[in-house]
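Written out below as structure tokens is the structure these notes cover.
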Amino acid sequence: MPIRLHINIDHIATIRNARDMSYPDPVYAAQLCEQVGADGITCHLREDRRHIRDADVRRLREVVTTLLNLEMAATDEMIDIAAAVRPEVITLVPERREEQTTEGGLDVVGQRAAIEKTQRMAERHGIKMSLFIAADEEAIKASADLGVAQIELHTGDYCHAPSEAELERLKRGAKLAHGLGLEVAAGHGLTRHNVIPVAAIAEIEELNIGHAVVADAMFMGLGEAVCSFRDAIERGLALRD
Ligand code: PXP
């Protein structure tokens, strides 16, 4: 099973916003990523608009030719934006104003009503929905119970403190989710190094990678950074049974 590589271009916007200029342009970055073979573009429109802004999402919708994955909280504001923009995919993430980045997985049980409301909008518009969750049995089973198409496993714990136990947790989660009929994506904190064992997990079909791609791009250029990730993923795929 090949792996779709989706590049998260949020941090191009972070750099732009540091000076409140028009460059670097995340939309141009998205086009470059597509040119070198990215399978999709991911962006997160946060409530505080700290990186991606509404106009970016609209422009991305116009130019992205692969697939646009809009990460968002399950709020009424974001539901309206997604309904207007119609990305191919929405990924529901938990969001806390004070966090540096998305720090945990979605509380699928506690947030069920908001998730279902978003799901109704997604179904009306033919938008695929993915839930960003920890690799925990309860969250995976609750996601399957909701009937969503996909889950994205939060790889943050594994990436911040790599261990066999964390990798095993991801493997167990991926297997359980796949067995329940869910497509399995993964992301958060992945680098060209730690992505290899994750790409080796047989059930993983998609990776969403942002921060490390933008960091590598500073030294090697964006195109080369994306290609280097693709190479690393290929090395992981070669390790599959
Ligand atoms: N997937 C989701 C759902 C995310 O929220 C993020 C961070 O925005 C990523 C993937 C990418 O994480 P990173 O920027 O650490 O590669």
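What follows draws every value from the coordinates through simple rules; no lab data is involved. Source: prediction; values computed, not measured. With ideal geometry, Cβ positions are generated from the backbone for all residues, glycine too; neighbour counts draw on all protein chains shown.
Annotations for the structure displayed:
- Prolate/oblate/rounded label for the chain (Cα gyration tensor, a/c 1.5): oblate
- Ordering of 119-126, 179-186, 197-204 by burial proxy (mean other Cβ atoms within 10 Å per residue, highest first): 197-204, 179-186, 119-126
- In plain terms, the chain from Arg124 to Ser22 could stretch by 33.2 nm, reckoned as 0.36 nm per residue minus the Cα-Cα distance.
- Cβ-derived FRET efficiency at R0 22 Å, Met1 paired with Lys141, nearest 0.05: 0.45
- Region 123-199: C-alpha gyration tensor shape, a/c 1.5 cut-off, then a/b vs b/c: prolate
- Under Karplus coefficients 6.51, -1.76 and 1.60, residue-wise ³J(HN,Hα) of region 44-53 in Hz, glycine/proline x: 10, 8, 8, 4, 8, 6, 5, 10, 5, 10
- For the pair Arg172 and Glu98, label points projected 7 Å from Cα toward Cβ lie 3.2 nm apart.
- For Lys128, the lysines whose Cα falls under 22 Å of its own Cα, not counting residues fewer than eight places away in the same chain, are Lys117, Lys141, Lys175.
- Our helix-only sum for the chain, with -39,500 (n - 2.57) per DSSP H run of n ≥ 4 divided by its residues, gives a mean residue ellipticity at 222 nm of -14500 deg cm²/dmol.
- Taken over region 1-47, the convex hull of the Cα atoms encloses 69 Å³ per residue.
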